[in-house]
Amino acid sequence: MNSIEIIAIPDVPFIRLGDNIGQILCDTAKANGFEFISGDVICIASKAISMAEGRQVDLNTVNVSEVALSIHKKIPRKDPRILQVIIDQTEAPDGSRIDIDSNYIAGWLPNGIRLTSSGVDKLGPDEVILIPEDSDRSAKNISRTIREVTGIQVGVIVTDSDGREDKAGSNQIAIGVYGVPALRKTETTDSDGKPSITEETSCDLLAGSAALIMGQRGTNKPAVVIRGYDYEFDQTSSISDALILRI
């Protein structure tokens with residue numbers, strides 16, 4: 001593998017509740033003369049999937065706990081109701097799975113992923129959206145739909161924006177996979193000349209590459225194809241393969 005292509009699937013419409021994203025990608029691709037190729041990796045923004053799956057939360061229905069109010073004192077820019085939703089996503093009401101560093105907040109989700117604000121994004125003054133309930137399952141459904149419609153087998157990575165305490169801005173990581181191995185293992189030689197295995201979080205490398213084209217929210221490029229990446233299709237792949245669980 002000496003090169004890859006990163007191609008935005010053109011004219012993907014705004015995703016709405018109940019939409020079949022796999023079917024929409026097939027229809028959109030066909031309408032624009034775009035053809036999937038066996039082995040393509042489709043990276044799709046988690047929030048597009050969340051819109052289809054109805055993962056919105058009305059903040060007016062949120063009961064704010066003392067834990068959320070105490071965190072609000074440390075991060076006053078955050079609506080206490082949103083802080084409560086962030087806590088709720090960790091399934092630890094005492095806030096023990098929340099990391100705070102200055103003006104930064106992250107949450108450890110039950111599956112072992114740590115995301116900025118637990119993956120909670122603001123949609124409007126009184127509404128937020130969560131990441132998909134099971135991003136691996138969502139990726140699998142999209143891949144299988146595309147194969148049923150086109151006969152082409154593709155890998156799918158669900159991506160989400162994420163930040164770090166030590167850097168400004170955000171990057172993009174994988175939170176769900178299907179078909180694409182989450183880790184890439186390479187045989188190498190250590191400093192003593194002994195054989196060793198190097199592991200790379202290939203799903204994040206691909207997600208970060210896709211971000212160069214996808215951009216951030218509002219660019220209307222929620223799905224891109226990475227073409228030319230060499231991998232062996234794995235029906236059992238899961239984001240958990242790349243995680244060191246902290247439960």
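The values are calculated or read from the model by the stated rules, or taken from the named source; none is laboratory data. Model, not experiment: these values are computed from the prediction. So basically every Cβ, Gly included, is an ideal-geometry build from the backbone, and we count neighbours across all protein chains shown. For accessibility, only protein heavy atoms count, side chains too; no ligands or nucleic acids. Shrake-Rupley method; radii C 1.70, N 1.55, O 1.52, S 1.80 Å.
The set of residues in region 48-81 being open to solvent by less than 60 Å² (accessible area, probe 1.4 Å), part of a helix (DSSP H, G or I) and more than 16 Å from residue 9 (Cβ to Cβ) consists of 50, 51, 59, 67, 68, 70, 71, 72, 80, 81. Condition check for residue 160 on (1) assigned to a strand (DSSP E or B); (2) open to solvent by 70 Å² or more (accessible area, probe 1.4 Å); (3) at pLDDT 95 or above: one failure, at (2). Could you check, for region 171-184, whether at least one of its residues is over 24 Å from residue 215 (Cβ atoms), touching a strand residue (DSSP E or B) at 6+ places or on another chain (Cβ under 7 Å) and open to solvent by 70 Å² or more (accessible area, probe 1.4 Å)? Among the residues of region 171-184, at least one is over 24 Å from residue 215 (Cβ atoms), touching a strand residue (DSSP E or B) at 6+ places or on another chain (Cβ under 7 Å) and open to solvent by 70 Å² or more (accessible area, probe 1.4 Å), which makes the answer yes. If the condition is being in a helix (DSSP H, G or I), open to solvent by less than 10 Å² (accessible area, probe 1.4 Å) and under 14 Å from residue 234 (Cβ atoms), then region 127-157 contributes 139, 143.
Picking from 112, 107, which residue would you name as being outside any strand (DSSP E or B), open to solvent by less than 20 Å² (accessible area, probe 1.4 Å) and not hydroxyl-bearing (Ser, Thr, Tyr)? One residue alone meets the criteria, 112. Looking only at residues that are part of a helix (DSSP H, G or I) and either acidic (Asp, Glu) or in contact with a Gly (Cβ under 8 Å, 6 or more places away or on another chain) (or both) in region 12-47, which one is farthest from residue 81 (Cα to Cα)? Only one residue tops the list, namely 27. Here's a check for you: in region 123-139, which residue that is modelled with pLDDT of 95 or more, of a type outside the set (A, V, I, L, M, F, W, C) and over 15 Å from the mean Cα position of the chain (by Cα) is farthest from residue 21 (Cα to Cα)? The extreme case among them is 126.
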